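Remarks on the structure that follows.
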């Protein structure tokens, strides 16, 4: 990978999709693939795909295409998936529990190390062998343990407070599922998941398909 | 809105974000906003924003900016949010329950009308006043009721079967949370939510920030 190359956010956003598709192909025993075939699978144009991969020095060979396994590995390295990320979940209702199960299911280097909630009914229960702790203990936990990612699964009204506490506790990134536009300073990477955006886009495509 | 104008997917994807931010502004009593201020709030460039809004005939006025309430309403109309969407959830584990709560919380025209699962422990329980039904009854339900959106919250291995059943039952769109690239024919709009893509992007930004 070329160092000092600033890769655009748009490219970064496409990489996980490429990687997912390459993994499926590898799972089917497919060894190489052309940009045209990748275009059919991803919905991006072949020219876009070649351009994206050129950002990293290009892995393809004229007339051969791309080696599936090597491209999969390379993209994983670029995405920083060659290491483990320790994560805590704040908010252990249905969403927090779903995310815990999801992350465990995926494994790939993302590890839930602790879970916190304010609800006495949830404190003490075990989710995938992790005991839900009192949210009051988060500050202490972050002082004593290095945590990479804090996952916010609280209500909208609590989200900013939780984000502040995570930032003070020096997490490197926040994965926010609360339907709130929280703010953190530049030392923390913030990734918001706005499920409503996805649902609204779906509504657009449905309602415009309905038109004669 | 100009008819017969083909709006690019990239623009459609930005609209829900604009709308969310405009709603927050309206909630704070802000009546008008410039493309430059919207740029600060969205992260898109002012020129990009003006270009996006020009797609719909442009709602701004030189020297005044955009009327927050009117722009909010217009974008809602474009997205098809002026009507109600009836939705069913398949898979009522933590994720399905979280989505049910989320959708109910949001209200905005998206209504859960039925929920289905194969698990006898879940069949019969009530989630926000909706009783979870046996998945065997989905086919019959879709014959007797018009459903706009089917939400798949099952495991990866069941997702394609559920999608096929939803498509046979003439749903208009599928909102898929299962970590599987399901296929449906062109009569159904498919919106995949790949949480791992978002997590992988977060990993990228964290690992590249760590570099000296």
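The values are calculated or read from the model by the stated rules, or taken from the named source; none is laboratory data. The structure presented is a predicted model; accordingly, all values stated were derived computationally and were not measured. In this analysis, Cβ positions are derived from the backbone assuming ideal geometry, glycine residues included, and neighbour counts consider all displayed protein chains.
Among the residues of the range A:165-181, those that are within 12 Å of chain B (Cβ to nearest Cβ) and either touching a residue at least 24 places away in the same chain (Cβ under 8 Å) or in contact with a helix residue (DSSP H, G or I) (Cβ under 6 Å, 6 or more places away or on another chain) (or both) comprise A:171, A:172, A:173, A:174, A:175, A:176, A:177, A:178, A:179, A:180. Taken across the range A:100-110, residues that are within 12 Å of chain B (Cβ to nearest Cβ), in a strand (DSSP E or B) and without any contact (Cβ under 8 Å) to a residue 60 or more places away in the chain do occur, with at least one present.
The residues listed here are B:189, B:162; of these, the one that is in contact (Cβ under 8 Å) with a residue 60 or more places away in the chain, touching a strand residue (DSSP E or B) at 6+ places or on another chain (Cβ under 8 Å) and in the same structural domain as residue B:100 (by TED's automatic domain parsing) is B:162. Closer than 30 Å to residue B:102 by Cβ and touching a strand residue (DSSP E or B) at 6+ places or on another chain (Cβ under 8 Å), is that true of residue A:102? Considered against the rule, which asks whether it is closer than 30 Å to residue B:102 by Cβ and touching a strand residue (DSSP E or B) at 6+ places or on another chain (Cβ under 8 Å), residue A:102 comes out as no.
Would you check if residue B:162 is more than 13 Å from every other protein chain (Cβ to nearest Cβ) and surrounded by 19 or more Cβ atoms within 10 Å (Cβ to Cβ)? In short, yes. For the range A:131-159, a residue qualifies if it is buried (at least 18 other Cβ atoms within 10 Å of the Cβ) and either assigned to a loop (DSSP other than H, G, I, E, B) or more than 12 Å from every other protein chain (Cβ to nearest Cβ) (or both), and the qualifying residues are A:132, A:133, A:135, A:138, A:142, A:147, A:148, A:152, A:153, A:154, A:159. Checked against (1) away from every other protein chain (no Cβ under 12 Å); (2) not in a helix (DSSP H, G or I), residue A:190 meets all criteria but (1). For beta carbons closer than 6 Å, sequence separation of 6+ or different chains, a first residue in the range B:3-32 that is assigned by TED's automatic domain parsing to the domain that holds residue B:72 and more than 16 Å from residue A:202 (Cα to Cα) and a second that is surrounded by fewer than 17 Cβ atoms within 10 Å (Cβ to Cβ) and modelled with pLDDT of 90 or more, the qualifying pairs are B:26/B:69. The listed residues are B:63, B:96, and the only one of them that is in the same structural domain as residue B:132 (by TED's automatic domain parsing) and without any contact (Cβ under 8 Å) to a residue 60 or more places away in the chain turns out to be B:96.
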